Amino acid sequence: MIVMGFEGSANKIGVGIVKEDGSILANVRHTYITPPGTGFLPKETALHHQQHILPLVKEALAVAKLTPQEIDCLAFTKGPGMGAPLRSVAVVVRTLSQLWNKPIVGVNHCVAHIEMGRLVTGAKDPVVLYVSGGNTQVIAYSMRRYRIFGETIDIAVGNCLDRFARVLNLSNDPSPGYNIEQEAKKGTQYVEMPYVVKGMDVSFSGILTHVEATTTDKIQKGECTPADMCFSLQETLFAMLVEITERAMAHCGQKEVLVVGGVGCNERLQQMIAQMVGQRDGNVFAMDDRYCIDNGAMIAWTGLIMYKHGHRTPISDTWCTQRYRTDEVEVTWRD
């Protein structure tokens, strides 16, 4: 069985093709990059996806050396995400479904990150730290659901990093978070920042307000460098994430941690998680940017295992939703 997956919930449009044995035949994508100091808006992001999705479909088929007739099913991101980009992709999937006469499976974006991580790393039953521009959750599987044990109560960690990059006017190419990570490696001084953990949950809006209000003044006075601020912000945010992840491990009795989502590419975060997990005699699983960052293959793979377990999305139900929690999905493919 072969499934083509479509991801377009944020600023990346991706098309992936995956086989039943887990082999990834194609995984192509294009990123909407805005000028330094700016973010990406739904209308412009949707237009970007509309311009690139069909060339990516053709490229994916060429890379996989397949024809549309050899595709068995189409999977797409149903949510969560930005409304206009999600709808742009859904329209294309509906059209291809009718042109090619293929069934559709709507996929939860968060669950797709988890299943891709399990496929690529071989993690069996991990505590999942899901960190991206739109989501921050600590998750573990129980009774046919991916249960959320802790999460952000305001903005996502990736959103905090992205918005701080605008303060320093860092480039958005390839991503603001990546450029903060590179700057942080040059930092030599830790600047104290708010640290907000509330039980199993975290809050990032206060620390963002703090750095937005104080960074320029501190740099102008020579109290620290931009690299010091990047280093300090990363260390503080990631320490908060490590704390709630360790608490979830203790509560669930787990020995594995899987890090997924775009921020999961950050090598410093991976290092801090690995240090904590090592102290608990556990194993940490992480991925590089091919699969951590939003991609079509993760939607294809999750759509494939859902299809095999009886999931179908009638064309009348191929609407998208900006709010679609991880624990809303019944995970029928796991014991």
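The numbers here are math on the coordinates, done by the rules we state, and not lab data. Just so it is clear, the structure is predicted and the values come from calculations on it, not from any experiment. Note: ideal-geometry Cβ built from the backbone for every residue, glycine included; neighbour counts use all protein chains shown.
Once you charge only the Cβ atoms, +1 for Lys and Arg and -1 for Asp and Glu, what is the size of the charge dipole of the stretch 2-112 about its Cα centre, to the nearest 20 debye? Please list the in-between numbers first.
Numbers: 10 positive and 7 negative charges, 52 e Å.
So the dipole magnitude of the stretch 2-112 works out to roughly 240 debye.
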Inset, instruction - Could you point to the label whose value was computed as Rg and Dmax of the Cα atoms in Å for the structure here, given (i) 24.1, 76; (ii) 19.8, 65; (iii) 27.9, 96? - result: (ii)
Legend entry - Highest-MSF residue in the chain out of GLY310, GLY37, GLY81 [GNM, Cα springs under 10 Å]: GLY310
Inset, instruction - Show me 29-35, 313-319, 292-298 ranked by packing, highest mean number of other Cβ atoms within 10 Å first. - result: 292-298, 29-35, 313-319
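Scan the stretch 106-166 for trypsin sites (Lys or Arg not before Pro) in coil per DSSP, keeping those whose Cβ has at most 16 other Cβ atoms within 10 Å, and list them by number. Spell out each step's value before the answer.
Values: sites: ARG118, LYS124, ARG144, ARG145, ARG147, ARG163, ARG166; in loops: LYS124, ARG144.
Counting only loop positions with at most 16 other Cβ atoms within 10 Å, the trypsin sites (Lys or Arg not before Pro) in the stretch 106-166 are LYS124, ARG144.
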Legend entry - Ranked by how many other beta carbons lie within 10 Å on average, peptides 182-190, 132-140 from highest: 132-140, 182-190
Inset, instruction - Past 30 Å, Cα to Cα, is the threshold; run LYS12/LYS185; LYS198/LYS255; LYS12/LYS124; LYS185/LYS221; LYS65/LYS185 against it and keep the listed order. - result: LYS65/LYS185
Inset, instruction - Would you work out which of ALA184, MET200, HIS210 lies farthest towards the positive end of the dipole of the stretch 173-212? Charges go on Cβ: Lys and Arg +1, Asp and Glu -1. - result: MET200
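So which chymotrypsin sites (Phe, Trp or Tyr not before Pro) in the stretch 129-160 end up in coil per DSSP with only 14 or fewer other C-beta atoms within 10 Å?
Listed in order of number, the matching sites amount to none.
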Inset, instruction - Return the single residue from ASN266, ASN283, ASN101 with maximal mean-square fluctuation; model: Gaussian network over the chain, springs between Cα atoms under 10 Å. - result: ASN101
Legend entry - Three-way shape call for the stretch 277-321 based on the alpha-carbon gyration tensor, with the a/c threshold at 1.5: prolate
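In debye to the nearest 20, how big a dipole does the stretch 171-211 give about its Cα centre with +1 on each Lys and Arg Cβ and -1 on each Asp and Glu Cβ? Don't skip to the end; give the middle numbers.
Numbers: 3 positive and 5 negative charges, 17 e Å.
Charge dipole, the stretch 171-211, about its Cα centre: 80 debye, nearest 20.
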Inset, instruction - Select from GLY83, PRO35, ASN101 the residue farthest towards the positive end of the dipole of the chain; place +1 on Cβ of Lys and Arg, -1 on Cβ of Asp and Glu, and compute about the Cα centre. - result: ASN101
